[in-house]
1. Taking the stretch 156-177 on its own, how many of its residues are open to solvent by less than 30 Å² (accessible area, probe 1.4 Å) and in a helix (DSSP H, G or I)?
2. Which one of these is open to solvent by less than 30 Å² (accessible area, probe 1.4 Å) and within 28 Å of A137 (Cα to Cα): L185, L194?
3. Exactly one of these conditions fails for A90: (1) in a helix (DSSP H, G or I); (2) over 21 Å from the mean Cα position of the chain (by Cα); (3) not polar (S, T, N, Q). Give me its number.
4. Looking only at residues that are among the polar types (S, T, N, Q) and within 23 Å of T241 (Cβ to Cβ) in the stretch 124-155, which one is surrounded by the fewest Cβ atoms within 10 Å (Cβ to Cβ)?
5. Counting only residues that are β-branched (V, I, T), farther than 11 Å from Y17 by Cα, surrounded by 17 or more Cβ atoms within 10 Å (Cβ to Cβ) and more than 18 Å from the chain's Cα centre (by Cα), how many does the stretch 47-87 have?
6. Here's a check for you: in the stretch 47-96, which residue that is within 25 Å of Q252 (Cβ to Cβ) and basic (K, R) is modelled with the lowest pLDDT?
7. Please work out if A205 is at pLDDT 75 or above, farther than 30 Å from G172 by Cβ and surrounded by 12 or more Cβ atoms within 10 Å (Cβ to Cβ).
Amino acid sequence: MLEAMDTLDLYGYGAHYAVVWLRVIGLFLFVPIFSSEVVPIRIRGAIASVLAFAFLPYVPRLDAIPSDAVGWVLVAVRELSVGFGLGLAARMIFVGIEGAASLVAAQAGFALANMIDPTSGDQSLAPTLFQNLLAIALFLAADLHHVFIRAIVASYELLPSAAALPAVGGLGALTASFGARLFSLTVELAAPALVVTFLVDLVVALVGRAMPQVPILMVAYPLKLGAGLAAMGLLAVTTGTAIGGLGRMIAQDGAMVIAALGGR
């Protein structure tokens, strides 16, 4: 028994597991759904540990295991950066969905009431909270959360583990690209709903102009709230229709992050 244990490279296996675990835990700190405040930290850590163990056969080992603290710090920074980048790329999509809901809610008059978002712990408009939970439910129903998991294994093909810092030269252009993507996604999702709220505002303005004796403020607010509910329904439909494209967008953005960190 002791001879069999001597033949095992326990330090090598432990180092291999630690490196994989760092990239997985980096992803879990930022990726939507898994990073939710509803999920306890112990549960997140347990899931990350199990996934890291499952990934071991599919992930190449370090060419040279660091023998000092500096080498391990470089490895940790590299692996956590990859996990953070993948998580942030996925979160950008959810931020776009939430931004579309916030835009529609502000136009429809829902900005008077705030609620606590259980996924982030921050205050959020009720329609934004609904849209966020709807997006999470759609992602889980479409099994798109598997994209996050597959991204870990696929990332090693473009950026294998090494005792070296990731490249940062392309992060500026990548940030600009993500900003433009976020703006376009928000506008595209919210456009049908914004048309509805704009038409209601136009009708109310014309009625107020044609009949000044009508108490336009008393009439317009309930009308706009009703139109806002219809607009949120349209936003939910557009989000559900675009859910497949959003999954592909997450995969593309993740590949862009890995390429930028790899200096490509």
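The values are calculated or read from the model by the stated rules, or taken from the named source; none is laboratory data. Source: prediction; values computed, not measured. Cβ sites come from the backbone with ideal geometry, for glycine too, and all protein chains shown count toward neighbours. Ligands, DNA and RNA are stripped out before the accessible areas are found, and what is left, the full protein with its side chains, is counted by its heavy atoms. Shrake-Rupley method; radii C 1.70, N 1.55, O 1.52, S 1.80 Å.
1. Adding up the residues that qualify gives 2.
2. None of the others qualify; the one that does is L185.
3. (2)
4. Keep residues of the stretch 124-155 that are among the polar types (S, T, N, Q), which gives 124, 128, 131-132, 155.
In the following step, the residues that additionally are within 23 Å of T241 (Cβ to Cβ) were identified as 128, 131-132.
Working: T128: 25, Q131: 26, N132: 22.
Applying the filter and picking the extreme gives N132.
5. Taking the stretch 47-87 first, the residues β-branched (V, I, T) are 47, 50, 59, 65, 70, 73, 75, 77, 82.
Now drop any that are not farther than 11 Å from Y17 by Cα, which leaves 47, 65, 70, 73, 75, 77, 82.
Next cut, surrounded by 17 or more Cβ atoms within 10 Å (Cβ to Cβ) only: 65, 75, 82.
After this cut, where a residue has to be more than 18 Å from the chain's Cα centre (by Cα) as well, the list is 65, 75.
The total comes to 2.
6. Among residues in the stretch 47-96 that are within 25 Å of Q252 (Cβ to Cβ) and basic (K, R), the one modelled with the lowest pLDDT is R91.
7. yes
Let's see how each residue does on (1) in contact (Cβ under 8 Å) with a residue 60 or more places away in the chain; (2) over 30 Å from V77 (Cβ atoms):
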{"site": "P192", "(1), (2)": "no, yes"}
{"site": "Q213", "(1), (2)": "no, yes"}
{"site": "M218", "(1), (2)": "no, yes"}
{"site": "L225", "(1), (2)": "yes, yes"}
{"site": "G228", "(1), (2)": "yes, yes"}
{"site": "T241", "(1), (2)": "no, yes"}
{"site": "Q252", "(1), (2)": "no, no"}
{"site": "A260", "(1), (2)": "yes, no"}
